[in-house]
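Have a look at the structure below, then the notes.
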Amino acid sequence: MPALVDRFGRVHDYLRISVTDRCNLRCLYCMPEEGMEFTESENLMSYDQIVEVVEAGAALGITKLRITGGEPLIRPGLDGLISRLSAIHGIQDIALTTNGIFLAKQAEALRTAGLNRVNISLDTLDSSRFRFIARRGELKRVMEGIEAAAAVGFDPIKLNCVLLKEVNEDEIADFLKLAYEQPMHVRFIEYMPIGHADENWKKHYLPLSRVLEVAEKEGYAISRRTNVHGNGPSDDWQMEGARGSFGLIHPISDHFCSNCNRLRLTADGSIKPCLYWVDELNIKDAFGKPDEMKRLLLRAMDIKPENHEMAAKLADGAQTHVPTERRMSQIGG
Ligand code: SAM
Ligand code: SF4
């Protein structure tokens, strides 16, 4: 019998773990260029503490983990954490989301440590636009990271591309071509209003129906893929004759809350039942007390809301709860 079942009957087997809120980039949809305040290192969960949470979660039916951030690869010794997590009874799948800048150096060690899958964020194929979106870093490093990930055997490689109106929507066709020619899965993601200025979000929000329009205009014979392992909320498509595929993550234009199976753990030690709302449970007092940790994970099931209300926000409708003030980099995506 699964233990982590919420009030709406949703079974939770997936935990996303943010290992840091710091990042070497400043993507314009995620955090401001200046003035971010980060968690002091003494207030970050230690790797021992993360292992404790995962042990409690695994005893309650968590089988899948995703390591995220901030940028997870800036936290030293991540391969050591992954190796410890992969040894926990019940954990079957560990994935990583990274901006890819430091991946080339670490890909092999991560693979050896037991990392099963990797998602690399890539919003543009143009180096000067990369600098505009990410504000720091170099596209070349990300591309080297992608190559290194493929070389050490991560398969499939998934690329996360947040689409922004008037910023990178003109690259949809290029990303589709990439997925046609290379064995990569491109996941287009709708820009979400998480913890920051609404006006910028509305100005750049783009519904992902646009991707299907472009795919048809470009002449691809597309069809839906079903039952793709590990693809969570992604609405997946294939193009006839393609080496890769693409997916649409459209939490706003068509939300997937009824299938939500995930909990989030912030780098400063809070369980977030939903990405969007303010509600969270601080678990710091439960370290060293496995039964209390399990109780808090179960409590998260009681307070998990039925859905987020990002679509209502787009339409300037009333919100039934209070949205979080955390930014995406502080939650982990
Ligand atoms: N730094 C890593 C990276 O960029 O892949 C991991 C953390 S990042 C917060 C996780 C994912 O969230 C990335 O794919 C990023 O593009 C996405 N993301 C960040 N802010 C977003 C937003 N406002 N709307 C949609 N996706 C967002
Ligand atoms: Fe950093 Fe990832 Fe946020 Fe970009 S999306 S600023 S890489 S945490």
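Looking across region 315-333 at every residue that is in a loop (DSSP other than H, G, I, E, B) and closer than 18 Å to residue 303 by Cβ, the one that is nearest to ligand 2 (Cβ to nearest atom) is identified as 326.
On the stretch given as region 299-318, residues that are more than 27 Å from residue 96 (Cα to Cα), surrounded by 13 or more Cβ atoms within 10 Å (Cβ to Cβ) and out of contact with any strand residue (DSSP E or B) (no Cβ under 9 Å at 6 or more places or on another chain) total 3. What are the residues in region 29-53 that are within 16 Å of ligand 1 (Cβ to nearest atom) and in contact with a helix residue (DSSP H, G or I) (Cβ under 6 Å, 6 or more places away or on another chain), if any? If the condition is that a residue be within 16 Å of ligand 1 (Cβ to nearest atom) and in contact with a helix residue (DSSP H, G or I) (Cβ under 6 Å, 6 or more places away or on another chain), then 30, 31 are the ones that fit. In summary, helices (runs of 4 or more DSSP H) completely within region 21-133 and bearing 3 or more residues that are over 18 Å from residue 157 (Cβ atoms) and more than 16 Å from ligand 2 (Cβ to nearest atom) occur at 47-59, 78-86. When 175, 188 are checked against the criterion of being assigned to a strand (DSSP E or B) and not charged (D, E, K, R), a single residue qualifies: 188. Quick check on my filter: what residues within region 4-20 are in a loop (DSSP other than H, G, I, E, B) and away from ligand 2 (no atom under 13 Å from the Cβ)? Correct list: 4, 6, 7, 8, 9, 10, 12, 13. Filter region 278-331 down to the residues that are within 16 Å of ligand 1 (Cβ to nearest atom) and touching a Gly at 6+ places or on another chain (Cβ under 6 Å) and list them by number. Hits for region 278-331 are 324, 325, 326, 327, 329. Scanning region 145-156 for residues that are surrounded by fewer than 23 Cβ atoms within 10 Å (Cβ to Cβ) and at pLDDT 95 or above turns up 146, 147, 148, 150, 151, 152, 153.
Restricting the search to region 298-318, which residues are touching a Phe, Trp or Tyr at 6+ places or on another chain (Cβ under 9 Å) and under 26 Å from residue 32 (Cβ atoms)? Answer for region 298-318, where residues must be touching a Phe, Trp or Tyr at 6+ places or on another chain (Cβ under 9 Å) and under 26 Å from residue 32 (Cβ atoms): 308, 309, 310, 313, 314. Among all positions in region 56-66, there is at least one residue which is buried (at least 22 other Cβ atoms within 10 Å of the Cβ), touching a residue at least 24 places away in the same chain (Cβ under 8 Å) and within 16 Å of ligand 1 (Cβ to nearest atom). The set of residues from region 279-298 being in a loop (DSSP other than H, G, I, E, B) and either of a type outside the set (Gly, Ala, Ser) or modelled with pLDDT under 95 (or both) comprises 279, 280, 283, 287, 289. Among the residues of region 134-148, those that are part of a helix (DSSP H, G or I), within 16 Å of ligand 2 (Cβ to nearest atom) and touching a Leu at 6+ places or on another chain (Cβ under 7 Å) comprise 134, 142, 145.
Restricting attention to region 1-20, the residues that are over 22 Å from the mean Cα position of the chain (by Cα) and not hydrophobic (A, V, I, L, M, F, W, C) total 3.
The values are calculated or read from the model by the stated rules, or taken from the named source; none is laboratory data. As the structure is a prediction and not an experimental result, all values here were calculated from the model. Reconstructed Cβ throughout: ideal geometry from the backbone, glycine too, with neighbour counts over all protein chains shown.
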